[in-house]
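Here is the structure we will look at, set down as structure tokens.
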Amino acid sequence: MSPDFIRYLAAKKTVDDRALNRQVWEALEQALAERPEPLRVLELGAGIGTMIERTLTAGLWRRAEYTALDADAGLIAAARARLPAWAAAHGWESAVTDEGLRLCRHDRCVDVRFVVADCFNFVRGQAGCQPWDLLLAHAFLDLVDLPTALPLFLDVVRPGGLFYFTLTFDGITAFQPELDPAFETRLEAAYHGTMDERRVAGRPSGDSRSGRHLLAHLLRMPVTVLAAGPSDWLVWPQEGRYPADEAYFLHVIVDTVGHALTGHPAIEPERLAAWLAARHAQIERGELIYLAHQLDVLGRREG
Ligand SMILES: C[S@@+](CC[C@H](N)C(=O)[O-])C[C@H]1O[C@@H](n2cnc3c(N)ncnc32)[C@H](O)[C@@H]1O
């Protein structure tokens, strides 16, 4: 994984912090308050570990065994390197353990285990074990085929256990101010079309309306949805500047649209190039506004 993707995931953290749906987060806090600890937590597609930092900051639990899984060894290596530095800067003591790190502060202690694995292989290997009290997937479920993935993922959650699925993309990508509305309507449709047609290892993956599909699938499964709500990314300049590293985040988003649509039959290459240059220039001038619609869902497995 390139260092740029690591920087992108780090830059995304402040955008995600703003985006997470407060009502769904509070419902998670409430649901966790009654749970015996240590809590066994599994995060799928954990990237560089920013959700671990978020849960520690929020004090979601006193004792937890947190397994952070990602298919990308470079990202897991970045998480291993990043967490001790983050911990030291935020008053946590960290110690290296056989499988990861132990992070302690006052009466709180969390054991983090890092796993490099494909999530499908990992959950298949646990079929019938149901060891997890809480399953997390953040900015991840729009990358998988929900009808096949959800039953596999929920199968490893113990009956009565929770799942918290956040920032699942749901069908709106918008850039302001508008440059060429008719072209940008086509651009958005073509970009979303690439998500709908995407195949991973020859199999379907997520689609451009994964957020709403996630909720619809869950409502047909033996689970109780405890809370759900929007968690849109909204990045805008404040007095001509973007907070933290969010200008970098925006450059990557614009490039992602560019890469997805390069060679696309419905998008003229010269118009795409002009659009990309104009959007990058707007970021440099602190003018671009970016919106992506996403959904958060909290639920409990029944039976
Ligand atoms: C958009 S990133 C989000 C990372 C992290 N949750 C965050 O928000 O910072 C998606 C992550 O899923 C991981 N991923 C994709 N497919 C996977 C798979 N089949 N098994 C495990 N991880 C996977 C990628 O390596 C990447 O880290």
Checklist entry - How many angstrom lie between the C-alpha centres of the range 1-61 and the range 108-133? => result 16
Checklist outcome for this item: Normalised per residue, the volume inside the convex hull of the alpha-carbon atoms of the range 95-247 in Å³ amounts to 193
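Stick to the Cα atoms of the range 33-172, pair each with every other, and give me the Kirkwood hydrodynamic radius in Å at one decimal.
Kirkwood radius, the range 33-172: 15.4 Å.
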Checklist entry - What's the angle, to the nearest 10 degrees (0 to 90), between helix 73-89's Cα axis and the longest principal axis of the chain? => result 70
Checklist outcome for this item: So for R0 = 51 Å, FRET eff. of Asp180-Gln30 from the Cβ-Cβ r, to 0.05, ends up at 0.65
Checklist entry - Which whole-number percentage describes the relative contact order of the chain, with Cα contacts under 8 Å and a sequence gap of 6 or more? => result 22
Checklist entry - For the range 1-77, what size does the Cα cloud have along each of its three principal axes, sorted from largest down, in whole Å? => result 41, 25, 16
Next on the checklist: Please compute the length gained on full extension between Asp72 and Asp196, using 0.36 nm multiplied by the number of residues separating them and subtracting their Cα-Cα distance.
Outcome noted: 42.3 nm
Item to check | Extension reserve of the His280-Ala189 stretch, reckoned as 0.36 nm per residue once the Cα distance is removed | outcome: 30.7 nm
Next on the checklist: P(r) for the range 35-89, please, calculated from all Cα pair distances in 5 Å bins and given in %.
Outcome noted: 5, 19, 27, 26, 16, 6, 1
Next on the checklist: Quick check on the chain: helices-only [θ] at 222 nm, where DSSP H runs of length 4 and up contribute -39,500 (n - 2.57) each and the sum goes over total residues. Nearest 500, please.
Outcome noted: -13500 deg cm²/dmol
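Which shape class, rounded, prolate or oblate, goes with the range 165-303 when its Cα gyration tensor gives a ≥ b ≥ c as root eigenvalues, a/c under 1.5 marks rounded, and past that a/b bigger than b/c marks prolate?
oblate
Arrange the following residues from fewest to most other Cβ atoms within 10 Å of their Cβ: Asp17, Asp170, Asp98, Asp232. It would help to have the intermediate numbers written out before the result.
Numbers: Asp17 12, Asp170 22, Asp98 5, Asp232 16.
Ordered by Cβ neighbours within 10 Å, fewest first: Asp98, Asp17, Asp232, Asp170.
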Item to check | Within the range 272-303, backbone nitrogen closer than 15 Å to the virtual label 7 Å beyond the Cα of Asp232 toward Cβ | outcome: 289-296
Item to check | Angle between the chain longest axis and helix 22-33 axis [Cα atoms, degrees, rounded to 10] | outcome: 10
Item to check | Estimated D of the range 189-255 in µm² per second, where Rh is the Kirkwood radius over Cα pairs and Stokes-Einstein applies at 37 °C, 0.692 mPa s | outcome: 215
Next on the checklist: Which three extents, in angstrom, do the Cα atoms of the chain have along their principal axes, listed largest first?
Outcome noted: 57, 43, 34
Checklist entry - Can you give the FRET efficiency for His217 and His259, using 1/(1 + (r/R0)^6), R0 = 30 Å, r = Cβ-Cβ distance, to the nearest 0.05? => result 0.55
Item to check | Relative contact order for the range 103-205, counting Cα pairs under 8 Å that sit 6 or more residues apart, in percent | outcome: 26
Checklist entry - Ranked from highest to lowest mean number of other Cβ atoms within 10 Å per residue, what is the order of the peptides 4-10, 256-262? => result 4-10, 256-262
Checklist outcome for this item: Descending packing, highest mean Cβ count within 10 Å first, for 136-146, 68-78, 216-226 is 136-146, 68-78, 216-226
Next on the checklist: Can you tell me the length gained on complete extension of the stretch Asp118 to Arg241, counting 0.36 nm per residue apart and subtracting the Cα distance?
Outcome noted: 40.4 nm
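Read the figures in this text as sums done on the coordinates, not as results from a lab. As the structure is a computational prediction, the values presented were derived from the model and not from experiment. Here the Cβ is made from the backbone with ideal geometry for all residues, glycine too, and neighbour counts use every protein chain on show.
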